[in-house]
1. Subtracting the Cα-Cα distance from 0.36 nm times the residue separation, let me have the gained length for Gln76 to Ser91 in nm, one decimal.
2. Please state the relative contact order of the chain as a whole percent: Cα pairs under 8 Å, 6+ residues apart?
3. What order, most packed first, do the peptides 63-71, 48-56 have when packing is the mean number of other Cβ atoms within 10 Å of each residue?
4. Filter the cross-link list Lys33/Lys72; Lys33/Lys86; Lys51/Lys103; Lys42/Lys86; Lys42/Lys103 down to pairs whose alpha-carbon distance in this structure exceeds 29 Å.
5. Could you tell me which of Gln76, Gln123, Leu9 has its Cα farthest along the dipole of the chain towards the positive end, charges placed at Cβ (Lys, Arg +1; Asp, Glu -1), taken about the Cα centre?
6. Once each part is reduced to its C-alpha centroid, what is the distance from the range 94-121 to the range 55-71 in angstrom?
7. If I model the range 17-73 as equal point scatterers sitting on the Cα atoms and use the Debye formula, what is log10 I(q)/I(0) at q = 0.22, 0.24 Å⁻¹?
8. With the alpha-carbon atoms as the only input, what is the per residue convex hull volume for the range 31-125 in Å³?
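Computed from the coordinates by the stated procedures, all read-outs in this text should not be read as laboratory data. Model, not experiment: these values are computed from the prediction. Neighbour counts are summed over all protein chains in view; Cβ atoms, including those assigned to glycine, are modelled from backbone coordinates with ideal geometry.
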Amino acid sequence: MSAQEPLRLAEGEYRFACLVWDHEPLPSGELVKLSADALGWKKSTTYTVLKKLCERGVLQNNGGTVTSRVAKQAVQCAESAAVVDKTFGGSLPRFVAAFLSAKPISDAEAAEIRALLDAAHNQEV
């Protein structure tokens, strides 16, 4: 495994992994076609990135069938936590304040966020 955390993916790696998450299990040849269409990648690029993500334990290629070993949600959680840590010193309230100052939210979104906060708060108690 590389020094980079397995759940932290570069933008291109993430977009590639999304193809797998959205279509798994899939033959590696089909992944080549999807990568060409969605990402504009050549076959060699697809196999290079696939190999790298397999080595890091994110994906697996078993007999030419590609599947994930890590859930999309786990990668999203790691990435969002890293943004909060790096950009806002680990302060979730500062992150939320910055986000809300940049973009208004609907009543439905506010209600959904309140429900998420209530659920997270109740888990801690």
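1. 3.6 nm
2. Computed over the chain, the figure is 24 percent.
3. Numbers: 63-71: 14.0, 48-56: 16.9.
By packing density, highest mean first, the sequence is 48-56, 63-71.
4. Over 29 Å apart, Cα to Cα: Lys33/Lys86; Lys51/Lys103; Lys42/Lys86; Lys42/Lys103.
5. Leu9
6. 34 Å
7. These q points yield log10 I(q)/I(0) values of -0.77, -0.93.
8. Per-residue hull volume (Cα only) is 180 Å³.
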